[in-house]
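Asker: Handing you a structure now.
Coordinate-derived values only; no laboratory data. For clarity, every value in this text was computed on a predicted model and none was experimentally measured. With ideal geometry, Cβ positions are generated from the backbone for all residues, glycine too; neighbour counts draw on all protein chains shown.
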Amino acid sequence: MASNQIQIFDTTLRDGEQVPGCKLNTAEKVELALALEDLGVDIIEAGFPISSPGDFASVEAISKVIKNATVCGLTRAVQKDIEVAAQALKHAVRPRIHTGIGSSDIHIKHKFNTTREDIIERARKATILARNLVPDVEFFAEDAGRADLPFLAKLIETVIAAGATVVNIPDTTGYCLPHQYGEKIAYLVNNVPNIDKAIISCHCHNDLGLATANSIAGAIAGARQIECTINGIGERAGNTSLEEVVMIIKKHNDLGLFTNIKTEKLNPLSQLVSDTMRMPVQPNKAVVGANAFAHSSGIHQDGFLKEATTYEIMTPEEVGADGSKIVLTARSGRSALAHRFLKLGFEFNRNDIDTLYSEFLKVADKKKEVLDEDLKEMATQFASA
Ligand code: KIV
Ligand code: ZN
């Protein structure tokens with residue numbers, strides 16, 4: 001792997017599927033896994049094998065069909081979980097076990113009722129066991145976003161020494177600010193002696209709307225894997241959105257980073273995930289929302305019609321969207337109106353457009369959007385007047 005490649009670890013089928021009402025059956029999970037592989041993701045987190053027989057079956061089925069991507073199964077730092085995950089992954093060409101434990105004092109005290117020393121020991125044993133079963137082991141330090149930094153560094157040093165190939169630093173509760181998350185990754189880069197033996201991974205939640213910003217801050221500080229989901233779905237307010245981090249990395253080539261994602265497949269896959277999970281995409285969602293390329297105010301429409309880059313920093317084609325849209329509302333201007341009339345086959349001069357524009361505003365004030373049928377009627381009445 002080139003040192004500036006960001007590995008895309010997709011967890012739509014694991015963290016994403018934890019969304020209430022989004023549960024998938026095995027056939028649906030296999031269909032989405034194949035689509036994720038086709039998109040170019042590097043790692044597919046297929047599920048949490050010990051959590052249910054259905055999830056075990058899904059991880060096993062995905063392991064059989066995925067040929068290029070790594071297939072990953074989640075476990076707690078518990079012997080039985082790890083053995084079951086290895087079983088579910090046994091047909092995978094590139095299996096990965098993702099094991100881990102809480103790392104913040106809040107988790108250590110309230111979830112585990114134990115000590116930091118015991119957490120380090122459990123993490124070490126889990127990593128060694130997993131490494132005996134598969135060659136690729138990712139360790140997650142749950143709630144690392146709120147963990148004590150020197151302790152986190154010791155934990156990460158221990159699991160790398162025990163054989164972890166990837167170390168995941170989750171901001172489980174979506175608490176960190178971007179500069180704090182970036183500094184956390186930089187601290188590990190500078191203070192864990194064996195850090196170059198593992199890839200650092202960002203796993204950020206969106207409780208304060210900062211998951212994408214935090215993941216990018218982590219990558220700038222030296223992380224080389226980002227964990228994310230299609231449409232940003234996931235526990236509570238969701239996970240880092242795959243389409244957002246991928247397009248940020250693509251558009252900001254000054255960062256010197258790249259991914260292997262085929263960006264023109266982003267919108268079709270967003271729709272497929274939304275339909276399969278019965279989870280609508282918010283219209284103003286970055287990159288894949290229905291309004292991501294819609295222009296409705298007169299000032300924007302005029303600029304866009306003169307030169308698309310005035311109001312678009314990416315093209316709809318490069319993310320597989322249907323195309324840019326000029327939406328006619330009471331905020332639209334004359335140039336958008338004339339443009340739409342022309343598209344409908346009506347060519348009007350400037351004076352005609354002035355007259356028609358007054359008519360248009362009367363209709364527009366009564367409706368959310370003026371449709372082509374309204375314009376055709378206006379044009380016909382204008383011609384017969
Ligand atoms: O948010 C989190 O900490 C997780 C871990 C299980 C990786 O999802
Ligand atoms: Zn998570």
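Asker: Just a yes or no: is a residue in segment 326-341 out of contact with any helix residue (DSSP H, G or I) (no Cβ under 9 Å at 6 or more places or on another chain), free of Cβ contacts under 8 Å to residues at least 40 places away in the same chain and surrounded by fewer than 16 Cβ atoms within 10 Å (Cβ to Cβ)?
Answerer: No, segment 326-341 contains no residue that is out of contact with any helix residue (DSSP H, G or I) (no Cβ under 9 Å at 6 or more places or on another chain), free of Cβ contacts under 8 Å to residues at least 40 places away in the same chain and surrounded by fewer than 16 Cβ atoms within 10 Å (Cβ to Cβ).
Asker: Between Lys368, Lys362, which is within 30 Å of Leu266 (Cβ to Cβ) and among the basic types (Lys, Arg)?
Answerer: Every option except Lys368 fails the conditions.
Asker: Here's another thing I want to ask about it. Is at least one residue of segment 356-367 in contact with a strand residue (DSSP E or B) (Cβ under 9 Å, 6 or more places away or on another chain) and among the small types (Gly, Ala, Ser)?
Answerer: No.
Asker: Continuing with this model, one more query. Name the single residue, out of those in segment 26-48 being of a type in the set (A, V, I, L, M) and farther than 20 Å from Glu243 by Cα, that is farthest from the chain's Cα centre (by Cα).
Answerer: Step by step, filter segment 26-48, then rank; the result is Ala27.
Asker: Taking the conditions exactly as written (in contact (Cβ under 8 Å) with a residue 12 or more places away in the chain, among the charged types (D, E, K, R) and out of contact with any Gly (no Cβ under 9 Å at 6 or more places or on another chain)), does Arg76 satisfy them or not?
Answerer: Answer is no for this residue.
Asker: For segment 211-224, enumerate the residues that are within 12 Å of the chain's Cα centre (by Cα) and either of a type outside the set (Val, Ile, Thr) or more than 16 Å from ligand 2 (Cβ to nearest atom) (or both).
Answerer: Ala211, Ala213, Ser215, Ile216, listed by residue number.
A quick yes/no check of all residues on (1) in a loop (DSSP other than H, G, I, E, B); (2) within 23 Å of the chain's Cα centre (by Cα); (3) crowded, with 21+ Cβ neighbours inside 10 Å:
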{"position": "Ile50", "(1), (2), (3)": "no, no, yes"}
{"position": "Phe56", "(1), (2), (3)": "no, no, no"}
{"position": "Ala61", "(1), (2), (3)": "no, no, no"}
{"position": "Gly73", "(1), (2), (3)": "no, yes, yes"}
{"position": "Lys80", "(1), (2), (3)": "no, no, no"}
{"position": "Gln87", "(1), (2), (3)": "no, no, no"}
{"position": "Ala92", "(1), (2), (3)": "yes, no, yes"}
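Asker: If you don't mind, another one. Could you tell me which numbered condition Leu155 fails, if it satisfies all but one of (1) within 13 Å of ligand 1 (Cβ to nearest atom); (2) on the phi < 0 side of the Ramachandran plot; (3) touching a residue at least 40 places away in the same chain (Cβ under 8 Å)?
Answerer: (1)
Asker: Another one. Within segment 7-16, take every residue that is farther than 10 Å from Glu235 by Cβ and buried (at least 24 other Cβ atoms within 10 Å of the Cβ) and give me the one that is farthest from ligand 2 (Cβ to nearest atom).
Answerer: Per the criteria, the residue is Ile8.
Asker: Here is a further query. Go through the residues of segment 204-216 one by one and say whether even a single one is among the small types (Gly, Ala, Ser) and within 14 Å of ligand 1 (Cβ to nearest atom).
Answerer: yes
Listed here are the residues, each with its yes/no results for (1) crowded, with 23+ Cβ neighbours inside 10 Å; (2) closer than 17 Å to Ile43 by Cα.
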residue: His205; (1), (2): yes, no
residue: Arg224; (1), (2): no, yes
residue: Cys228; (1), (2): yes, yes
residue: Glu235; (1), (2): no, no
residue: Asn239; (1), (2): yes, yes
residue: Val245; (1), (2): yes, yes
residue: Ile248; (1), (2): no, no
residue: His252; (1), (2): no, no
residue: Phe258; (1), (2): no, yes
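Asker: Which count do you get for residues in segment 21-41 that are away from ligand 1 (no atom under 16 Å from the Cβ) and surrounded by fewer than 21 Cβ atoms within 10 Å (Cβ to Cβ)?
Answerer: Summing the residues that are away from ligand 1 (no atom under 16 Å from the Cβ) and surrounded by fewer than 21 Cβ atoms within 10 Å (Cβ to Cβ) in segment 21-41 gives 13.
Asker: On to the next question. If Lys67 meets every condition in (1) in a loop (DSSP other than H, G, I, E, B); (2) within 16 Å of ligand 2 (Cβ to nearest atom); (3) within 20 Å of His91 (Cβ to Cβ) apart from one, which number is that one?
Answerer: Checking Lys67 against (1) in a loop (DSSP other than H, G, I, E, B); (2) within 16 Å of ligand 2 (Cβ to nearest atom); (3) within 20 Å of His91 (Cβ to Cβ), the one that fails is (2).
Asker: Right, something else. From the list Gly303, Gly289, which residue is over 16 Å from Cys228 (Cβ atoms), small (Gly, Ala, Ser) and under 16 Å from the mean Cα position of the chain (by Cα)?
Answerer: Gly289
Asker: Here is a follow-up. Which of (1) surrounded by 13 or more Cβ atoms within 10 Å (Cβ to Cβ); (2) of a type in the set (Lys, Arg); (3) free of Cβ contacts under 8 Å to residues at least 60 places away in the same chain is the odd one out, the single condition Lys306 does not satisfy?
Answerer: (1)
Asker: Scan segment 289-296 and tell me whether some residue there is more than 17 Å from Ile233 (Cβ to Cβ) and part of a helix (DSSP H, G or I).
Answerer: The answer is no, given that none of the residues of segment 289-296 is more than 17 Å from Ile233 (Cβ to Cβ) and part of a helix (DSSP H, G or I).
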